[in-house]
Amino acid sequence: MGLISRAGVGKKIKDHTEEGKASIYQSVFTNSSKEMMCFPDFPYPDDYPNYMHHSKLQEYIKTFIQKKDLLRYIQFETLVSSIKKCTSFLVTGQWVVVTEKDGKQGKQESTIFDAVMICSGHHMYPNLPTDSFPGLDRFRGNYLHSWDYKNPEAFKGKRVLVIGLGNSGSDIAVELSCLATQVIISTRSGSWVMSRVWDDGYLWDMVYITRFASFLQNVLPSFVSDWLYVQKMNTWFKHENYGLMPLNGSLRKEPVFNDELPSRILCGLVSIKPSVKEFTETSAVFEDGTVFEAIDSVIFATGYDYSYPFLDETIIKSRNNEVTLFKGIFPPLMEKPTLAVIGLVQSLGAAIPTADLQARWAAKVFANSCTLPTMNEMMDDIDEKMGKKLKWFGQSQTLQTDYITYMDELGSFIGAKPNIPWLFLTDPRLALEVYFGPCSPYQFRLMGPGKWDGARNAILTQWNRTVKPTRTRVVSEAQRPHPFYNLLKMLSFPLLLLAATLTFY
């Protein structure tokens, strides 16, 4: 079984887009830190920056491929035209995959595979909702999707409207504000904006994504959990004062990560407005009645559509045109479990360790060493997860989930979920770091299939690799978070609330 890719390893990001391929702008940096987004048996070098430019991430992936001797399994510059069940599928579960080399239209090749993993993600087919904006057809300026955006030079001295307050929309608006005359972001529902720099200057995900924090989120009463969440999100700045406050602030929708947006708003370089009601030939009229005049360009940062043009769509969207996948991976109505979708699920955690654990489980299922539940059980689980998703994240097309809960669930299927009580009995130092420290990918290589002997040391030294690239001027000993201090801070409000309640009664 090989890996088929339309991209190449080591190629520079192109200055133009190509249909059916993902596209990023030149200034993209990661929102997940290196310790939280590595392959779980392959830490980043300690001198790598904690948040990397995309070229640095590409360098890491190239090194990983070379160290693991994967190049011989990869077929580059190859388009998958179709994936269809073999005529003997009910017996063999095999697939016919038709491919063609880029630049050689019409020269196709068919290969039979025992199983298929679809790992194309969901950032290839831009959602450009032109029909949702009355008057856009008569707008004289130009408009494009963020998928087409590469750099800000073409917008120098222009008046630009960015529609959408996600990570891409915020990044682009901040970057444009250095050269454009005026930049406005239009947002339908607002968003929490987080900095990569978290409490006491530590990395947001290494402090925020912990097993203990996940435990509190799941056991505290919802009104306490929601209050804590809103208070935490407002610690950096009060979102209502910046026009960014989400309509439903307690929903755990993915926040925006942008270290500069609040300061650009303070300096008047970026303004926040509600939804666009309609366009005129030269302007945009917002829902609040205000108007942005003389617009030169509109950039739609409106996300992406799920699309698998090489596959019968009903396999993945098997009910009411919605994505129905068991654990976000397996189509539940398949006669044979030989197809898996990897990387479609979104959470606040990093994509690389999530996809790694998904692929490990899928490989076990393909090899018949793990068995999936019955079709009815899988559909029941999908319905249950849909309900939880609606409660926690609101109405959304994405398959959102809580990172640690999801990773533990996948890990339990293959025996890779850390046994916390056993760790406290046998290795208390490691147990404290696993439970109160960052839920880093190494935790899922401590035990079970794929166990990595270096996992324990990687966990105990993760803060050393974190501070190494920033301590370029050493003035004292390196400092690291204190879990119990953070525990007391997090519990202070529930304890005060309980005391007040007892006093009242």
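Based on Cβ point charges of +1 for Lys and Arg and -1 for Asp and Glu, what charge dipole magnitude is obtained for the chain about its Cα centre, in debye rounded to the nearest 20? Show your work: numbers first, answer last.
Working: 53 positive and 52 negative charges, 190 e Å.
The calculation lands at about 920 debye.
Per-residue extension of 0.36 nm, minus the Cα-Cα distance of GLU384 and SER195, leaves a gain of 64.8 nm for this segment. D by Stokes-Einstein for the stretch 164-256, Kirkwood Rh over Cα pairs, 37 °C, 0.692 mPa s: 223 µm²/s. The tail of the calculated P(r) for the stretch 100-235 beyond 23 Å holds 61 percent of all Cα-Cα pairs.
Using mean Cβ contacts within 10 Å as the protection proxy, how do 291-302, 157-168 order, highest first?
Details: 291-302: 19.2, 157-168: 21.2.
Descending packing order for the listed peptides: 157-168, 291-302.
Arrange the residues GLU35, GLU77, GLU313 by how much accessible surface each exposes, largest first, with a 1.4 angstrom probe. Don't skip to the end; give the middle numbers.
Working: GLU35 0, GLU77 55, GLU313 100 Å².
From most accessible down to least: GLU313, GLU77, GLU35.
Expressed to the nearest 5 percent, the antiparallel share of DSSP beta bridges inside the stretch 78-201 is 70 percent.
Show MET334, MET194 ordered by accessible area, largest first, where the area counts protein heavy atoms only and the probe is 1.4 Å.
MET334, MET194
Carbon and sulfur: what percent of the stretch 41-133's accessible surface (1.4 Å probe)?
Numbers: 2860 of 5400 Å².
That share works out to 53 percent.
Accessible area per residue for the chain, computed on protein heavy atoms with a 1.4 Å probe, is 50 Å².
Output the peptides 366-379, 271-284 sorted from most to least packed, where packing is the average of other Cβ atoms within 10 Å over each peptide's residues. Mind dumping the intermediate values first?
Values: 366-379: 13.4, 271-284: 17.5.
So the peptides 366-379, 271-284, ranked by packing, come out 271-284, 366-379.
DSSP beta bridges fully contained in the chain are about 50 percent antiparallel. Taking all protein chains as shown and a probe of 1.4 angstrom, TYR143 keeps an accessible surface of around 100 Å².
ILE209 contributes about 10 Å² of solvent-accessible surface, heavy atoms of the protein only, 1.4 Å probe.
Considering only GLN346, VAL474, HIS239, and ranking their Cα positions along the charge dipole of the chain that arises from unit charges at the beta-carbon of Lys, Arg, Asp and Glu, the one farthest toward the positive end is VAL474.
The orientation-averaged projection of the convex hull spanning the C-alpha atoms of the chain amounts to 28.1 square nanometres.
Let me confirm the definition first: pairs of Lys residues in the stretch 138-253, 8 or more apart or on different chains, C-alpha distance under 27 Å. How many are there? So the count works out to 4.
The values are calculated or read from the model by the stated rules, or taken from the named source; none is laboratory data. Remember, it's a predicted structure, so these values are computed and weren't measured experimentally. Note that each Cβ is placed from the backbone with ideal geometry, even for glycine, and that neighbours are counted across all protein chains shown. Note: accessible area is taken over every heavy atom of the protein model, side chains too, but ligands, DNA and RNA are not part of it. Shrake-Rupley method; radii C 1.70, N 1.55, O 1.52, S 1.80 Å.
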